[in-house]
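Below is one structure, written out as structure tokens; comments come after it.
The values are calculated or read from the model by the stated rules, or taken from the named source; none is laboratory data. Owing to the predicted nature of the structure, the values given are computational and were not obtained by experimental measurement. Positions of Cβ are generated from backbone atoms using ideal geometry, with glycine treated the same way; all protein chains shown enter the neighbour counts. Just the protein is used for accessible areas: all its heavy atoms, side chains included, with ligands, DNA and RNA removed. Shrake-Rupley method; radii C 1.70, N 1.55, O 1.52, S 1.80 Å.
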Amino acid sequence: QVQLVESGGGLVQAGGSLRLSCAASGSIFRLNAMGWYRQAPGKQRELVAVITSDGSTNYADSVKGRFTISRDNASNTVYLQMNSLKPEDTAAYYCNVRAGVYSKNWSDDYWGQGTQVTVSS
């Protein structure tokens, strides 16, 4: 009912920047909170940043001041601008959205396929 397509991952040197994108499509009635998670090998998946429907944001302490989350409601897209990247940012990054669809009276969570970010030192 809702499909998420991620893009923007890659290999960069420490101190570099990347911009991740996640576009949602389908029978979407409303997009609620949208966020980014990441998971490194051998570690738990963790929340990186989240943005609500009214634009309120929250960040993990490890990325605060370096990453910026934003959204474009007209295109159903959420972005993650990553600056001053560090080797410890290396992980698979996953987009997550909570969305209501026309066929339901409630909202569900949906996940993107993941995109790899690797930061070399």
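Per-structure values
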read-out: Max mean-square fluctuation residue, GNM over the chain, Cα-Cα springs under 10 Å, options Asn96, Asn73, Asn105; value: Asn105
read-out: Contact order normalised by residue count of region 1-54, Cα under 8 Å, 6+ apart, percent; value: 29
read-out: Longest to shortest principal axis, alpha-carbon extents of region 37-109, angstrom; value: 43, 26, 19
read-out: Percentage relative contact order, region 24-93, counting C-alpha pairs under 8 Å, at least six apart; value: 30
read-out: Note, ³J(HN,Hα) from phi for region 34-50, Karplus 6.51, -1.76, 1.60, rounded to Hz, x at Gly and Pro; value: 10, x, 10, 10, 9, 9, 9, x, x, 10, 6, 5, 10, 6, 9, 7, 9
read-out: Computed magnitude of the charge dipole of region 22-118 (debye, nearest 20; Cβ of K, R +1, Cβ of D, E -1); value: 40
read-out: Ordering of 83-95, 9-21 by packing [mean C-beta count within 10 Å, highest first]; value: 83-95, 9-21
read-out: Carbon plus sulfur fraction of accessible area for the chain, probe 1.4 Å, in percent; value: 46
read-out: Along principal axes, Cα extents of region 1-53, largest first, whole Å; value: 40, 22, 19
read-out: Average accessible area per residue (Å²) across the chain - probe 1.4 Å, nucleic acids and ligands excluded; value: 53
read-out: Asp109 - accessible surface, heavy atoms, 1.4 Å probe, Å² rounded to 10; value: 80
read-out: In region 70-121, the trypsin sites (Lys or Arg not before Pro) that fall in loop regions by DSSP, at most 15 other Cβ within 10 Å; value: Lys104
read-out: Cα-centred dipole magnitude for region 18-74, charges only on beta-carbon of K, R (+1) and D, E (-1), debye, nearest 20; value: 180
